[in-house]
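Q: Take a look at this one; I'll ask things after.
The values are calculated or read from the model by the stated rules, or taken from the named source; none is laboratory data. Computed from a prediction, not measured in an experiment: that's the story for all the values here. Counting neighbours? That spans all protein chains shown, and the Cβs are built from the backbone with ideal geometry, glycine included.
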Amino acid sequence: MSRSRTLLLAGFVLILIRGTALGQTSSTAKEFWPKLTVTVELRSKTRVQFWWQKQDGEDFDFNESKVGAIISYRMKPIVKPHRRDIDEENEHTLVIGTGYEYLQTDQNGTTKREHRMIMESTPRYLHDIGLLLQDRNRVELRWVDGNFSARYRNRLTVQRGFKLDKFRFTPYASGELFYDGNHHSWNQNQYAFGVQLPWKKRLMLDIYYLRQNCTTCSQDPLNVLGVTVNLFFRRK
């Protein structure tokens with residue numbers, strides 16, 4: 001392992017540790033978000049993804065579960081020479097999708113149920129130095145205990161894959177803004193730093209730190225440690 005690559009990996013770990021430390025204040029709530037996604041390739045450009053996620057509050061009475069699915073279509077593959085990604089969607093310049101998500105939230109003895117219809121579009125651009133830039137635009141039609149609302153989310157992500165001997169990893173950073181139709185305002189933002197650890201072509205572990213700021217949420221701000229297990233199944 002070269003010295004420059006060792007310093008790069010060490011610097012990324014220090015950024016994660018320092019970001020987490022700076023976010024820990026007495027008024028900041030903390031959560032742990034485990035998640036499982038299962039991706040099944042249907043055709044050469046179409047796939048369906050299922051997910052389950054749990055969100056637990058460490059310092060307050062909060063518990064939320066999410067289940068959902070989205071079907072997506074990939075357009076125009078990236079032809080620029082690069083190391084292939086385990087996620088096929090990162091190999092295309094534009095991906096569109098539509099899906100459904102169900103949420104159940106238990107807080108302070110009250111249960112809230114939400115149904116979401118999802119529509120999203122994600123253009124991608126691969127820079128000459130290997131940086132992959134993504135701009136996910138998502139519209140959510142939401143029914144919370146029967147009350148309708150709409151929300152727009154825009155998430156920018158930059159990532160780059162590395163290989164040290166046989167060890168592969170992809171550090172990334174992202175920022176997301178939320179526009180809530182009920183409040184007619186940009187009421188929430190999130191930023192995250194993480195690393196993806198792929199194994200062969202079937203499994204990828206995603207570990208990240210996320211900071212959420214929200215002017216209309218019961219807990220603000222919020223620090224999150226997230227771990228996502230991604231499984232990929234492809235046709236032979």
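Q: Go through segment 72-110 and give me each residue that's in a strand (DSSP E or B) and farther than 29 Å from PHE162 by Cα.
A: Hits for segment 72-110 are THR98, GLY99, TYR100, GLU101, TYR102, LEU103, GLN104, THR105, ASP106, GLN107, THR110.
Q: Identify the residue in segment 132-152 that is surrounded by 15 or more Cβ atoms within 10 Å (Cβ to Cβ) and closer than 18 Å to ASP87 by Cβ and, among all such residues, is farthest from the chain's Cα centre (by Cα).
A: LEU132
Q: Where residues in segment 59-112 are touching a residue at least 40 places away in the same chain (Cβ under 8 Å), more than 23 Å from GLN49 (Cα to Cα) and hydrophobic (A, V, I, L, M, F, W, C), which of them is surrounded by the fewest Cβ atoms within 10 Å (Cβ to Cβ)?
A: Within segment 59-112, the match that is surrounded by the fewest Cβ atoms within 10 Å (Cβ to Cβ) is PHE60.
Q: Return the residue satisfying two criteria in turn: it lies in segment 171-221 and is hydroxyl-bearing (Ser, Thr, Tyr) and surrounded by fewer than 14 Cβ atoms within 10 Å (Cβ to Cβ), and of such residues it is modelled with the lowest pLDDT.
A: SER218
Q: Would you point out the residue of segment 94-131, among those that are more than 18 Å from the chain's Cα centre (by Cα) and β-branched (Val, Ile, Thr), that is nearest to ALA150 (Cα to Cα)?
A: Once the filter is applied, the top-ranked residue is THR105.
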